[in-house]
1. Since Ala179 meets every condition but one in (1) within 24 Å of Ala36 (Cα to Cα); (2) small (Gly, Ala, Ser); (3) touching a residue at least 12 places away in the same chain (Cβ under 8 Å), which condition does it not meet?
2. Tell me which residues, restricted to the stretch 175-190, are of a type in the set (Asp, Glu) and open to solvent by less than 50 Å² (accessible area, probe 1.4 Å).
3. Within the set of pairs 6 or more residues apart or between chains, which connect a residue that is under 13 Å from Val107 (Cβ atoms) and of a type in the set (Ser, Thr, Tyr) inside the stretch 42-56 to a residue that is part of a loop (DSSP other than H, G, I, E, B) and open to solvent by 80 Å² or more (accessible area, probe 1.4 Å) with Cβ atoms less than 9 Å apart?
4. Take the stretch 160-174 and flag every residue that is open to solvent by 60 Å² or more (accessible area, probe 1.4 Å) and part of a helix (DSSP H, G or I).
5. Got a number for residues in the stretch 165-175 being closer than 22 Å to Ser17 by Cα and at pLDDT 90 or above?
6. Pick out the one residue from Thr42, Thr51 that is modelled with pLDDT of 95 or more, assigned to a helix (DSSP H, G or I) and not hydrophobic (A, V, I, L, M, F, W, C).
7. With the requirement that a residue be open to solvent by less than 80 Å² (accessible area, probe 1.4 Å), assigned to a helix (DSSP H, G or I) and either hydroxyl-bearing (Ser, Thr, Tyr) or touching a Lys or Arg at 6+ places or on another chain (Cβ under 8 Å) (or both), what does the stretch 196-224 give you?
8. Out of the stretch 64-75, which residues are within 15 Å of Gly40 (Cα to Cα) and not aromatic (Phe, Trp, Tyr)?
Amino acid sequence: MKYISVAVDGPAGSGKSTITKMVAKDLGYNYVDTGAMYRGLTYDFLKNNLTELDEKKIELLLSKVKFEVKFIDGVQYVFVNGEDVSEKIRTAEVSKFTSLFAKSPAVREFLIDTQRNLAMSNNIIMDGRDIASVVLPNADVKIFLTASVEERARRRVLDFERQGVVDIDFDKVKADIAARDYQDENRDIAPLVKVDDAVLIDTTNLTITEVVEKMTELIKKAEG
């Protein structure tokens, strides 16, 4: 059986996760949360008292860990050494260290293999910063979602307001997003890029429904 893989890349605040989850649900695809995988390994590292970027220690722990990603009724679960850690990886401590361990070449290599294996056994949609360029260069559909810095800052401010956060400095939020863009586009390992065969979708002036429809149309075309 031929499985369809969809790679969705884009900068922070472009709506990748929200929209990709909706498309996956509509099409009955598995949405692969790559961030949860990094969190899962981080959880294991912290459990083993590793809090620094030590490649030798990381490689040793990776050689011992039993790491599994399962889809149950379309929902992704992460298992570490037989334990379902899907909820435990959402703590502030895990969040704090995930960005650190994501810089590890050993961690990235380990997870890329896991992510590619998922694409070989399921219809999947995966989003991130380097999915089409590194993780799934042979994906059936490649999409690059973006939006203006101003629009992404506006969305972030709305998110904060929905969470009850007040007195938000729009200019600071905008500057933070621009700085994140620069960091993502200029990092040494797998920088954010739009690959040549990815379809660009600028969501600045589109509703979520319109973006979902555009993505769904592209995927259905690939299905034949």
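1. The number of the failed condition is (3).
2. Asp181, Asp184
3. Close Cβ pairs (under 9 Å, with a partner that is part of a loop (DSSP other than H, G, I, E, B) and open to solvent by 80 Å² or more (accessible area, probe 1.4 Å)) do not exist here.
4. Across the stretch 160-174, the qualifying residues are Phe160, Glu161, Arg162, Phe170, Asp171, Lys172, Lys174.
5. 3
6. The conditions single out Thr42.
7. Residue satisfying the conditions is Thr216 alone.
8. Lys64, Val65, Lys66, Glu68, Val69, Lys70
The values are calculated or read from the model by the stated rules, or taken from the named source; none is laboratory data. Remember, it's a predicted structure, so these values are computed and weren't measured experimentally. Cβ sites come from the backbone with ideal geometry, for glycine too, and all protein chains shown count toward neighbours. Side chains are part of the model used for accessible areas, which takes the heavy atoms of the whole protein and leaves out ligands, DNA and RNA. Shrake-Rupley method; radii C 1.70, N 1.55, O 1.52, S 1.80 Å.
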